[in-house]
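The values are calculated or read from the model by the stated rules, or taken from the named source; none is laboratory data. Because the structure is predicted, anything quoted here is derived from the model rather than measured. Positions of Cβ are generated from backbone atoms using ideal geometry, with glycine treated the same way; all protein chains shown enter the neighbour counts.
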Amino acid sequence: MFKVVNWMIVSRSQLLIDLLDGRWPQEFLVKLTKAQPSSMAKILANEPIAIVLFDLSTIDLQQVYQLQRLIEREYSSIHTVFINFPKQLDTCFLIHPATTLGVFYADTSLTEVSHGLNDIMKGRSVMPQELLRSLMDNDNDNDTEQLTIREREVLHALLSGSTNLDIANQLFVSESTIKTHLYRAFRKIGVSSRGQAIAWAQTYMHEIRM
């Protein structure tokens, strides 16, 4: 008997959801569950989802990071795919080698995404070559889990109660750059919230202070 595969699309764009719902279930013979970021965890707990597709054009990266971490911790059999992946930011921290099967940039057409999903269903992973090279370079670093100097500076600033905008002004960079540094640092030190990062820094800051 044919077994229906369950996919989930996490997006705030009803237009995209309607478009994909009218296309993918017939194209791939899957059941497509639609979810808002806030409802994803509840649905995962009650439905046998095989692949979660995140629409990064409509979800804050911090939320995606936290949802990806939830999947890594509690649903090892679920894989993730990112669509509308931003080129302009260093968002490699979202990608987990054990769970991420596909990454599609924002300028990728739906037809190209469909071709990629066909490859994913055949057991392959699909990622842009430059992104793969970046991930491989990170893997070849001598100590990839060590915090960078900038990540240390940002964590140190958290202890003073600074906002992301405050830190950005102090370091003469954009607020989005500070967010990226924080998310990368969160993954390295194993936390998923600002409060946890502050607690970690209060305990271990003497080890990372420059």
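Any idea which residue in the range 66-83 is modelled with the lowest pLDDT, counting only those that are touching a Leu at 6+ places or on another chain (Cβ under 8 Å) and buried (at least 20 other Cβ atoms within 10 Å of the Cβ)?
For the range 66-83, the residue satisfying everything is Q68.
More than 29 Å from L15 (Cβ to Cβ), of a type in the set (G, A, S) and out of contact with any Gly (no Cβ under 7 Å at 6 or more places or on another chain), is that true of S109?
On the way: more than 29 Å from L15 (Cβ to Cβ): no; of a type in the set (G, A, S): yes; out of contact with any Gly (no Cβ under 7 Å at 6 or more places or on another chain): yes.
No; evaluated as a whole, the condition is false for this residue.
Just to confirm my filter: which helices (runs of 4 or more DSSP H) fall fully inside the range 43-143 and include at least 2 residues that are among the polar types (S, T, N, Q) and farther than 30 Å from Q26 by Cβ?
Because the criterion is at least 2 residues that are among the polar types (S, T, N, Q) and farther than 30 Å from Q26 by Cβ, the helices (runs of 4 or more DSSP H) in the range 43-143 that meet it are 61-74, 129-139.
So which pairs qualify, if the first residue must be in the range 58-71 and within 17 Å of I178 (Cα to Cα), the second must be at pLDDT 90 or above and not in a helix (DSSP H, G or I), the Cβ gap must be under 6 Å, and the two must be at least 6 apart or on different chains?
So the pair list comes out as V64/F54.
With the requirement that a residue be part of a loop (DSSP other than H, G, I, E, B) and among the hydrophobic types (A, V, I, L, M, F, W, C), what does the range 176-201 give you?
Listed by number, the list holds a single entry, V191.
Go through (1) more than 19 Å from T111 (Cβ to Cβ); (2) buried (at least 17 other Cβ atoms within 10 Å of the Cβ); (3) over 14 Å from the mean Cα position of the chain (by Cα) for S39 and report which single condition fails.
Condition (2) is where S39 drops out.
Quick one: in the range 7-33, which of the residues that are buried (at least 17 other Cβ atoms within 10 Å of the Cβ) and assigned to a strand (DSSP E or B) is nearest to the chain's Cα centre (by Cα)?
This residue is V10.
Are any of the residues in the range 128-146 at pLDDT 90 or above and either closer than 28 Å to F54 by Cα or crowded, with 17+ Cβ neighbours inside 10 Å (or both)? Quick ask: steps written out before the conclusion?
Kept after step one, since they are at pLDDT 90 or above, are these residues of the range 128-146: 128.
Still in the list and also either closer than 28 Å to F54 by Cα or crowded, with 17+ Cβ neighbours inside 10 Å (or both): 128.
Scanning the range 128-146 turns up at least one residue that is at pLDDT 90 or above and either closer than 28 Å to F54 by Cα or crowded, with 17+ Cβ neighbours inside 10 Å (or both).
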